Amino acid sequence: MNVYDEIKQLEIESNKIRSKSMFTDNYNDEMEILVEKAKEIVDEFVIPEYNIEYTSYWNYDFKVKINDDSKLIYKLIHCTFAYKKNDVKFWYINLEISISEKSQKTITHKIWKFPILEQDSIIKVLKEKLISAIEEY
């Protein structure tokens, strides 16, 4: 090994995070459980209450399009469970909700960074924010 390779190796090792709080379980399994719970929230609280044109789920986000003539609500709501590389190491999730309306600028709410194991609090906040996003004018 030459000096340059040793320096590069030392830089790589110095950038590693050495923490005892890293998790060894599967992050993607927890994300799938969280998305399933979010689907249940949409099915239980949003679909019976409003005229839903469609719902679309994929990976770690979902969209709900509402065209409700009786309540004059015409919105597309996009909810994303976002994460970065370090978030996966420490099991964090960022909750973001984007609201699109006709002739309006898209509004994005970055809710909070949650530990993914606190799924009950994530679902509670998601339910509150989703319903308030639908009903705000």
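The condition (being modelled with pLDDT of 90 or more and assigned to a strand (DSSP E or B)) is satisfied by just one residue among Glu40, Glu53, Glu96, Glu128: Glu96. So which residues in segment 99-125 are in contact with a helix residue (DSSP H, G or I) (Cβ under 6 Å, 6 or more places away or on another chain) and assigned to a helix (DSSP H, G or I), if there are any at all? Of everything in segment 99-125, those that are in contact with a helix residue (DSSP H, G or I) (Cβ under 6 Å, 6 or more places away or on another chain) and assigned to a helix (DSSP H, G or I) turn out to be Gln119, Ile123.
For (1) crowded, with 16+ Cβ neighbours inside 10 Å; (2) in contact with a His (Cβ under 9 Å, 6 or more places away or on another chain), each residue gets a yes or a no:
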| site | (1), (2) |
| --- | --- |
| Pro48 | no, no |
| Lys63 | yes, yes |
| His78 | yes, no |
| Asn86 | no, no |
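Please work out if Ile41 is at negative phi and either of a type in the set (Lys, Arg) or in contact with a Lys or Arg (Cβ under 7 Å, 6 or more places away or on another chain) (or both). It is true that Ile41 is at negative phi and either of a type in the set (Lys, Arg) or in contact with a Lys or Arg (Cβ under 7 Å, 6 or more places away or on another chain) (or both). For segment 50-61, which positions are buried (at least 17 other Cβ atoms within 10 Å of the Cβ) and within 12 Å of the chain's Cα centre (by Cα)? Listed by number, the list holds a single entry, Tyr60.
Restricting segment 8-33 to residues that are surrounded by 10 or more Cβ atoms within 10 Å (Cβ to Cβ), among the aliphatic types (A, V, I, L, M) and part of a helix (DSSP H, G or I), the residue that is modelled with the lowest pLDDT is Leu10.
The values are calculated or read from the model by the stated rules, or taken from the named source; none is laboratory data. Keep in mind it's a predicted model, so treat the numbers as computed, not measured. Ideal geometry is used to build each Cβ from the backbone, glycine not excepted, and the neighbour counts take in all protein chains shown.
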